[in-house]
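None of the figures in this text is laboratory data; all of them are computed from the coordinates on show. Note that this is a predicted model, so its numbers are computed, not measured. Cβ: placed from backbone, ideal geometry, glycine included. Neighbour counts: every protein chain shown.
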Amino acid sequence: MMESSNNNTQMSFSTYSPPKIKHDLKESNKSTSQSTSPIKYKDPNGIEMFYLMQNKKNAIKEIEIINNRINQLVKTEEKAKKRIEIAQKKSEKIAKAKERHALDLKDKDLQKEIRKIEEEEIRKKSKEDKIRRVNNIKSYQEMILRERQISAKEIKEKSKEYDALHKHYKSVVEQQKNEKKINRYTEAANHKKQKGEKKVNYNQQLKEEYEKKIAAEKAAHLELLSKKKELEKYESEVINRLAHTEQTQIEALKNLEAVAKVSLFQLGFRP
């Protein structure tokens, strides 16, 4: 049953492939540099596109962080599986050796003394394992907390930059409006009418193109958020499996110690 469980776990890891987001990030950066600069288009609504692109970048970065955590958990689980397999093999070898030499054990008093020492070693080893597991969990929690603190700090700094850029953008737009107003008063009536018609057509075309780009970017952003949720769900599943695997590892080590009647350290087994 344990081998079947291990095979199923290996199949699940071999078939999993984290979503590829590097290509999307390059395309997003290319689109941002070529078509979403709010200053370049001189449109008051362009700032919405600017903030949308920044949200998209943040989502991509968070997905990369989650991928790194999942890879670390997978490596830890694989190590635990190897230790379980080694413990099981040693348990089988020791059990066979005990059967061959069972008739040679005559000194019962010596066996009792050895058993007491082994029990003391097992209790000591169990206590050390418990402390190590607690420290590992605490270390992992601290790592997640540090990552979140760093992300929050970066978001705060970026927000300040966005505010400054937004103010500059508004001043540029206001200045351009004033310049256009002065030019309209200095131009002839016919030229004014002709220019007004061209401007209306251009603004309408620009508005339509901008709305299409906004819709496309929003759809891409929603897709990234969906990928992020899937990765967070998978991360939770890996953590649960890792907890189950560590429990199985502890049981295998206890079984090995019980069969060997000596400590793992004396057997040459390094946890």
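Before moving on, here are some points about what is shown:
- Cα-centred dipole magnitude for the range 158-263, charges only on beta-carbon of K, R (+1) and D, E (-1), debye, nearest 20: 1060 debye
- Cβ crowding within 10 Å, taken as a proxy for footprinting-reagent exposure, orders 256, 52 from fewest neighbours to most as 52, 256.
- Stretched out straight at 0.36 nm per residue, the stretch from residue 127 to residue 202 would grow longer than its current Cα-Cα span by 19.4 nm.
- Ranked for footprinting exposure by Cβ neighbours inside 10 Å, fewest first, 66, 114 give 114, 66.
- With 18 Å as the limit on Cα-Cα distance, the pairs of 81/254; 56/218; 98/125; 167/198; 153/213; 127/254 that go past it are 98/125; 167/198; 153/213.
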